[in-house]
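The values are calculated or read from the model by the stated rules, or taken from the named source; none is laboratory data. Keep in mind that what you see is a predicted model, and the values were worked out from it rather than measured. Every residue, glycine as well, gets a Cβ built from its backbone with ideal geometry; the counts of neighbours run over all protein chains shown. Heavy atoms of the whole protein, side chains included, go into the accessibility calculation; ligands, DNA and RNA do not. Shrake-Rupley method; radii C 1.70, N 1.55, O 1.52, S 1.80 Å.
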Amino acid sequence: MAETQRRENPAAARLAAIRLPEDEAGWARAAREAALSRLHKMGLPSRRDEYWRETDPSALIAPEPVEAAPLVTDEAPVFGEIDRLKVVFVDGRFDPAASDPLALEHVEIERLADALKADIHWARDLFGRLEETAHDPVPRPFAALNTATATDGVVVRVRGRAPKPISLIYLHRDARSDAVLHHLVRIEPGAELTLLENGPAAARFSQLLEVDVAAGGSFHHVRAQGRDHERRAITHLVGRVAEGGVLKSFTLTANGALSRNEYVVRLEGAEAVTHLAGAAVGDGAVHPFHHDDTIFVTHAAESCESRQVFKKVLRNGAVGIFQGKILVHPVAQKTDGYQLSQGLMLDGDSRFFAKPELEIYADDVKCSHGSTCGAIDEEQLFYLRARGVPRPEAENLLVLAFLAEALEEIEDPALAEDIRNRLEAWLRRRQG
Amino acid sequence: MLEIRNLHVKLEEEDKVILKGVNLTLPDGEVHAIMGPNGSGKSTLSYVLAGREGYVVTEGEVLFDGENLLAMEPEERAAKGVFLAFQYPVEIPGVGNMTFLRTALNAQRKARGEPELSGAEFLRLVREKAKALKIDPEMLKRSVNVGFSGGEKKRNEILQMAVLEPKLAILDETDSGLDIDALRLVAEGVNALRAPDRSFLVITHYQRLLDYIVPDVVHIMADGRIIRTGDADLAREVEKTGYADILKELA
């Protein structure tokens, strides 16, 4: 009987199988239990849920991940040329031997697993606390699941200007790995940090990044998701930005059977800024490609600025989803909100679904949004070819031009260059 | 150089015949002008020579240095030395003018088996050519033709021609929308490129351009055919009497 039920309802089976980690401090245990209780209340999602209609969550819910072969490639790692503090995870486990010593000027950095064992730790005020606020009005069950079950991650507190980026490197070796990483970042007033993430991490990857930016602080996030074809990932960036603070995030995605990237950012102090951007390039010819950006930005204070710039290039049955919302509270006068989502379809087989939402309760605001979906411009293509540029190369130029606006959201020129070169190389490789 | 024989062309989308048997021989080093009223098929001829999609050749052939031009892809034609200066140069937001030019030049060189130019070599080449055409270096940094005035777009076409050094340059109404100063600059750019191994096909509605780019031969085109061929005086005659007289003469 129990067996039948399990087969019929994988979500219930998954929930029933959750075991909270042992040997943690009381506060950590309490945070885990609270997250689990939230999760039980909201349940795991199904395609009947409004924000899961276009993305099937079943592979994220199933007890075991779908097998994903680690990508074999001879190309240099992303961010390889950048001076950074390397923190390496292999199939979701911290690898101290492959990592740099966890020491950086103006920065406290340690393993989440260690922080959760300390009876007194600043992380107590952050772990699961931002995640807890991210479910209203849209529940994000996988974020709660992450808080309840995450086994590793980093805990970072920044008190000044970090001299170089922290670079989280996610290696994937085991075709059946199931990784759950949770990171905490606290940017103290006026402090600055750049966080880099790259790699697939595992066959199935759940990642939650809780970022608390205090007044005048700034946090820059640049990410390149792994290119392993069958990998599946659900990521969350949950951020809170105080007065005059800045939170910026850019994500590059190529390949991946499933990438669901959720962003929940609250601008809580006057003149806080958030820019969220993503460039995704998907080809569904040999392996499925499904990319979903789901964003919720809340303006809860005056004179804040938010930008969302998400671009997707799709071909051969690739699927791109954008669900982006800007919510402006009555107090948030002088809001400057911008949202752009665009799909470039390289053939007739692919699908781009965009759901832009604005909900505005203040009367003195500037909010704009735009969403387009189209093919390569034939006039531009002919112009390039008439000058001698072969068709595949001309297409690549136009694809890069299409993505340029998203890439421009990366502030650091060296990082922007690295991402752009990477993208160019991938496009060229595809064509060869 | 170029040999057009009995060329018949219709539109792909509709059953409209545009060229109805064009014959034209353009020897090495010569400048030929094609003049004609609107709708005579001048621009279609230039697009068909450059390889634009949407046209069907129903009869005839085009030989370029003895090779079947119509069988080649647009990029192959460019690499062999065919250049079309567009009547309406296309804007490409997000692609820098320099990147565009360098990609084009190196793609052509690669196709011809020549070594690609390095960044520094290319920069030197473009700066020198841009200076001669009085093109502001700022313009080179912007996206291709984005935010350019009409005159800037046309000068940008001539800059591309100067950098790519084609064997056959087709100028499709390059004079339209130009004031007299811009016209002079463009003409100087073209004249500077005149060479024994380079030919030009200058398509224009008005005789004005031909005061600056003096053609060896002038063809008058009407209703999809070349109806008269003469020397530079023919252009001046047309300017004086208009196309109506010639058309009447023929009828």
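Looking at (1) more than 16 Å from the chain's Cα centre (by Cα); (2) surrounded by fewer than 22 Cβ atoms within 10 Å (Cβ to Cβ), which is the one condition that is false for B:Leu193?
(1)
Considering A:Gly348, A:Gly320, which residue is small (Gly, Ala, Ser) and surrounded by 21 or more Cβ atoms within 10 Å (Cβ to Cβ)?
None of the others qualify; the one that does is A:Gly320.
Does A:Lys311 satisfy the condition of being on the phi < 0 side of the Ramachandran plot, of a type in the set (Lys, Arg) and away from every other protein chain (no Cβ under 14 Å)?
no
Give the residue, chosen from A:Val185, A:Val154, that is under 12 Å from A:Ser218 (Cα atoms) and crowded, with 18+ Cβ neighbours inside 10 Å.
A:Val185
Hey, does the range A:391-399 have a residue that's away from chain B (no Cβ under 11 Å), open to solvent by less than 60 Å² (accessible area, probe 1.4 Å), over 23 Å from the mean Cα position of the chain (by Cα) and of a type outside the set (A, V, I, L, M, F, W, C)?
yes
So which helices (runs of 4 or more DSSP H) are wholly in the range A:45-152 and hold at least 1 residues that are closer than 30 Å to A:Pro413 by Cβ and touching a Gly at 6+ places or on another chain (Cβ under 7 Å)?
Fully inside the range A:45-152 and qualifying: nothing.
Considering every residue within the range A:77-100, establish whether at least one is open to solvent by 50 Å² or more (accessible area, probe 1.4 Å), charged (D, E, K, R) and modelled with pLDDT under 95.
There is at least one residue in the range A:77-100 that is open to solvent by 50 Å² or more (accessible area, probe 1.4 Å), charged (D, E, K, R) and modelled with pLDDT under 95.
When the residues of the range B:161-194 are narrowed to those that are polar (S, T, N, Q) and under 21 Å from B:Leu45 (Cα atoms), which ends up farthest from the other protein chains (Cβ to nearest Cβ)?
B:Ser176
Taking the criterion of being exposed (fewer than 13 other Cβ atoms within 10 Å of the Cβ), farther than 24 Å from A:Pro200 by Cα and out of contact with any helix residue (DSSP H, G or I) (no Cβ under 8 Å at 6 or more places or on another chain), would at least one residue in the range A:58-76 satisfy it?
no
Does B:Ala104 satisfy the criteria of being over 30 Å from B:Tyr243 (Cβ atoms) and in a helix (DSSP H, G or I)?
Yes, satisfied.
For residues that are within 14 Å of chain B (Cβ to nearest Cβ) and open to solvent by less than 10 Å² (accessible area, probe 1.4 Å), scanning just the range A:400-425, find the one that is farthest from B:Ala169 (Cα to Cα).
A:Ala406
Residue by residue, here is whether (1) acidic (Asp, Glu); (2) touching a strand residue (DSSP E or B) at 6+ places or on another chain (Cβ under 6 Å); (3) under 23 Å from A:Pro63 (Cβ atoms) holds:
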site	(1), (2), (3)
A:Gly190	no, no, no
A:Leu196	no, yes, no
A:Ala201	no, yes, yes
A:Ser206	no, yes, yes
A:Phe219	no, yes, no
A:Gly226	no, yes, yes
A:Thr235	no, yes, yes
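Take residues that are within 27 Å of B:Asp175 (Cα to Cα) and open to solvent by 10 Å² or more (accessible area, probe 1.4 Å) and tell me which of the strands (runs of 3 or more DSSP E) falling wholly in the range B:6-85 contain 3 or more.
Qualifying strands (runs of 3 or more DSSP E): B:17-26.
If I filter the range A:24-36 for residues that are within 24 Å of A:Ile120 (Cα to Cα) and part of a loop (DSSP other than H, G, I, E, B), do I get at least one hit?
Yes, the range A:24-36 contains at least one residue that is within 24 Å of A:Ile120 (Cα to Cα) and part of a loop (DSSP other than H, G, I, E, B).
Among the residues of the range B:79-95, how many are among the small types (Gly, Ala, Ser) and at the interface with chain A (Cβ under 9 Å from one of its Cβ atoms)?
2
Within the range B:108-130, does at least one residue satisfy the condition of being part of a helix (DSSP H, G or I), at the interface with chain A (Cβ under 8 Å from one of its Cβ atoms) and either of a type in the set (Asp, Glu) or in contact (Cβ under 8 Å) with a residue 12 or more places away in the chain (or both)?
yes
Anything in the range A:112-132 that is out of contact with any His (no Cβ under 9 Å at 6 or more places or on another chain) and within 17 Å of A:Val158 (Cβ to Cβ)? List them, or say none.
If the condition is that a residue be out of contact with any His (no Cβ under 9 Å at 6 or more places or on another chain) and within 17 Å of A:Val158 (Cβ to Cβ), then A:His121, A:Trp122, A:Ala123, A:Asp125, A:Leu126, A:Leu130 are the ones that fit.
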